[in-house]
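Have a look at the structure below, then the notes.
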Ligand SMILES: *Cc1c(COP(=O)(O)O)cnc(C)c1O
């Protein structure tokens, strides 16, 4: 792995204890940055003290949202080792998101190395308790100062880290979701397959409406027919109908290619469970529920890993799934994925990568702009 120049934070923050960690509220001592300029390409990768950026009010990202991000986690296992989960796949997806937003591509190896190098520098921030993790947030923003509408000629890539607790305090906690045919998240030909800021802004209104009706998440239906399941909140959706696990396909470009989705599908195939990636109509879901064949439903995503659905609302219908409890396959997937993440089980697919400590103890002062040793 390549080394990057490191400027150490002069002062280290107080780290929160593993208990009571929330999501994305405290950030570590360092961040990774790299800039792009037309003609020079991506240059000057480095690790620097975490801190604010100075942004011109005319900076184009503030006006037209030419911005993408990704999200992955590093886990500390019972053996004390820190592992990144599928960093290569997240780096590749960040580049696909960049492409859709006319942002010049990054070197995927460098991106993956940026995760590992930054986590190595701040690795005493990786919490130890099971179901805690260090969340990694790579982001790319357009940074040219102008108000015309065209792709920027300057960009900033940066990575920040935040220690996070379990998504739900009591472990797996079934959520209530509301299918809406009033609002849509994505349309064919749109940006649904990109992890981009605007998609999140566009999801807030419907999410607020669902919350006002007592639901946790929105089940998005497709933008054309308002009939076929797309995603749930910011997670991919899976249903167990009879003995088959069904999930909407990626083919029409409205669904984000989730790494947890891919991992779950792979494990299900390993276990000999039938999987189908095909359009799923909300009417088929209602029908399967009536017939008692809709036995489990869950969302997949890095933050919660697997999120069971206990109730689905659609129009005047209220469908309770598996008595509102976590289903057997839902639990099995959660256990299997998290066991790999914490290094508690054999990682047959090579999904994890060990993050090794820099050679020096972290308390040693490093000279300005020293290199992180090769790992
Ligand atoms: C990030 C995200 C997901 C989940 O992807 P993972 O790689 O599993 O974290 C699903 N849908 C949307 C819209 C997302 O932004």
Counting only residues that are more than 14 Å from the ligand (Cβ to nearest atom) and surrounded by fewer than 16 Cβ atoms within 10 Å (Cβ to Cβ), the stretch 250-272 contains a total of 5
I'd like to know if the stretch 21-31 contains one or more residues that are within 23 Å of the chain's Cα centre (by Cα), surrounded by 13 or more Cβ atoms within 10 Å (Cβ to Cβ), within 16 Å of the ligand (Cβ to nearest atom) and on the phi > 0 side of the Ramachandran plot. yes
Failed item, numbered, when residue 224 is tested on (1) under 19 Å from residue 261 (Cβ atoms); (2) out of contact with any strand residue (DSSP E or B) (no Cβ under 8 Å at 6 or more places or on another chain): (1)
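Right, residue 250: at pLDDT 95 or above and more than 18 Å from the chain's Cα centre (by Cα) or not?
Judged against the criteria, residue 250 is not a match.
Out of all the residues in the stretch 231-239, is one or more within 22 Å of the chain's Cα centre (by Cα), over 23 Å from residue 283 (Cα atoms) and crowded, with 19+ Cβ neighbours inside 10 Å?
First, the residues of the stretch 231-239 that are within 22 Å of the chain's Cα centre (by Cα): 231-239.
Then keep just the ones that are over 23 Å from residue 283 (Cα atoms); that gives none.
No, because not a single residue in the stretch 231-239 is within 22 Å of the chain's Cα centre (by Cα), over 23 Å from residue 283 (Cα atoms) and crowded, with 19+ Cβ neighbours inside 10 Å.
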Failed condition for residue 215, given (1) away from the ligand (no atom under 11 Å from the Cβ); (2) free of Cβ contacts under 8 Å to residues at least 40 places away in the same chain; (3) surrounded by 15 or more Cβ atoms within 10 Å (Cβ to Cβ), with all others met? (2)
Screening 309, 285 for residues that are within 16 Å of the ligand (Cβ to nearest atom) and on the phi < 0 side of the Ramachandran plot leaves only 309
Of the candidates 159, 149, the one satisfying the condition of being within 25 Å of residue 7 (Cα to Cα) and either surrounded by 21 or more Cβ atoms within 10 Å (Cβ to Cβ) or not assigned by TED's automatic domain parsing to the domain that holds residue 193 (or both) is 159
Find the strands (runs of 3 or more DSSP E) located wholly in the stretch 256-318 whose residues include 1 or more that are at pLDDT below 95 and within 14 Å of the chain's Cα centre (by Cα), and list them. none
Among the numbered criteria (1) surrounded by fewer than 20 Cβ atoms within 10 Å (Cβ to Cβ); (2) at pLDDT below 95; (3) in contact with a strand residue (DSSP E or B) (Cβ under 9 Å, 6 or more places away or on another chain), which one does residue 372 miss? (1)
Of all residues in the stretch 199-220, which are closer than 18 Å to residue 285 by Cβ and out of contact with any strand residue (DSSP E or B) (no Cβ under 8 Å at 6 or more places or on another chain)? none
Return yes or no: is residue 85 in contact (Cβ under 8 Å) with a residue 60 or more places away in the chain, surrounded by fewer than 20 Cβ atoms within 10 Å (Cβ to Cβ) and outside the structural domain of residue 303 (by TED's automatic domain parsing)? no
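The values are calculated or read from the model by the stated rules, or taken from the named source; none is laboratory data. Here the structure is a predicted model, which means the values were calculated and not measured. For neighbour counting, all protein chains shown are included, and Cβ atoms are generated from backbone atoms with ideal geometry for every residue, glycine included.
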